[in-house]
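A short worksheet on the structure shown next.
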Amino acid sequence: MALASDLAAALVARRERIVSTMGDGVMLLAAAPERVRSADVHYPYRQNSDFAYVTGLLESEAACVLAPGAKEPYALFVRPHDPERAIWVGARAGLDGATGQYGADVAHPIADLERELPRWLRQAEQVWLDLGRDDPLANRLLAAVRAAQAERPRSGTGPTAIRDAGEILHELRLVKQPDELVLLREAIGIACEAHRIAMQTTQPGMAEYEIEALVDYTFRRRGAAGPAYPSIVAGGANATVLHYTDNGARLQGDQLLLLDAGDEFAGYCADVTRTFPVGRTYGSAQRDLYDAVLSAQCAAIDAARPGATLEALHATAVRVLADALVQLGLLEGPVDAAVEQETYKQFYMHRTSHWLGRDVHDVGVYRQGDAPRPLAPGMVFTVEPGLYVADTDDVPAAFRGIGIRIEDDVLVTATGSEVLSADAPKNPIEIETLRASAA
């Protein structure tokens, strides 16, 4: 199937931005390998994010060459179409598809990689590679570069430097283009629907995995590839385990349910968390902690604008949470001391934000030199403060075993920010109203 014309045009523009940043040199990228689950069963294939960003090709056993100034500046190496294999696993793009559908100037069989790559590498002073990869195909690319370097004393040409392709690709991926924001909005909209349905459906006595199944069903029903990460469906004290994914416990009416679930749609990820009562309403202590987390989140989001930093947003959230913890008797004051001595980390031990895009924890540096990176229009990130009170004897009984996190996906705009996940309710009154109508 050919790429949609708008996606094909976006990929062309994307490659133009990449090569304009590269200057001289060659960029080599490898598709993600297939992974065996057990015996002859593979995990569902998921393309490497950088490779998909550059090529749009979602097949394994493929490699890409970008070489500005070369006679053939964009090349793809792919597995040729095999009619017999297509009977079992479906057709691949093949050489014709690599040029006709995916816009390559030239295409070669992946088996010819070592024979054909030298024509680009001989003219390249520097080569851009994914230096974090350690798999057979990525290692073949690195070996080809080393072979070209070894020929330099005789040929007088070839690579003298290897650089990380992420220096270019990850900076470009950090600022989303309009076509990317369309897909991110769709992914996040699907996640918001899943959270609303979960709020309308959850009942005491259900298992956590039933809610997980409902969420996964909603993702697939709406056309997403599935979860962007293992869903966290944590009732009661399970919510105090930050990455709880067992999802096997039965839900009780006096508990809260922390649901951290986002889908992947067309290569872009959502990441949304809501915490709501398994019964109809929040208990008194639950509501106190919930209001503290919501206040911290709203304060951090209000501070998001061009020029602000994620470090500053985190500090804003920490200050609000520390003040609430002192007021509720979970920490000793004064608040300044709780912040400076980091005693709040007993209840809030993670950061407030991370980048979001093709990966859930998306690429892009958080610091430039010694300073936190300023936010700029087009950046997308999460804002996700939380409070996690373990079920231990050293905290007031009313708060024991309560875990709360509220997470939204936020876009930096020219004048401030936009909460992309606003369709997932987080106002406690709105949530309780929705819970009152639960089936």
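Summary of values
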| item | result |
| --- | --- |
| Cleavage-rule hits, trypsin sites (Lys or Arg not before Pro), the range 1-86, DSSP coil, Cβ neighbours within 10 Å at most 13 | 35, 71 |
| Given 14 as the ceiling on other Cβ atoms within 10 Å, longest exposed-site-free region of the chain for GluC sites (Glu not before Pro) in DSSP loops | 126-331 |
| Span-like helix ranges in the chain, DSSP H, alpha carbon extent 30 angstrom or more, Kyte mean at least -1.0 | 178-201 |
| For the range 5-171, the fraction of alpha-carbon pairs in successive 5 Å shells from zero, as % | 2, 8, 17, 22, 21, 15, 8, 5, 2, 0 |
| Overall Cα dimensions of the chain - principal axes, largest extent first, Å | 76, 52, 40 |
| The range 176-199-the range 388-403 distance, computed between alpha-carbon centres (Å) | 34 |
| Diffusion constant of the range 175-436 at 10 °C, which comes from Stokes-Einstein with the Kirkwood Cα-pair radius and 1.306 mPa s, µm²/s | 86 |
| GNM result for the chain, Cα springs below 10 Å: residue of 389, 89, 145 fluctuating most strongly | 89 |
| Average projection area in nm² (convex hull over Cα atoms of the range 218-360, one quarter of hull surface) | 10.1 |
| Relative contact order (%) - the chain, alpha-carbon pairs under 8 angstrom, separation at least six | 14 |
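Since every read-out is calculated from the coordinates, none of them should be taken as a lab result. Just so you know, these numbers come straight off a predicted model, no measurement behind them. Here Cβ is always computed from backbone atoms with ideal geometry, including for glycine, and neighbour counts include all displayed protein chains.
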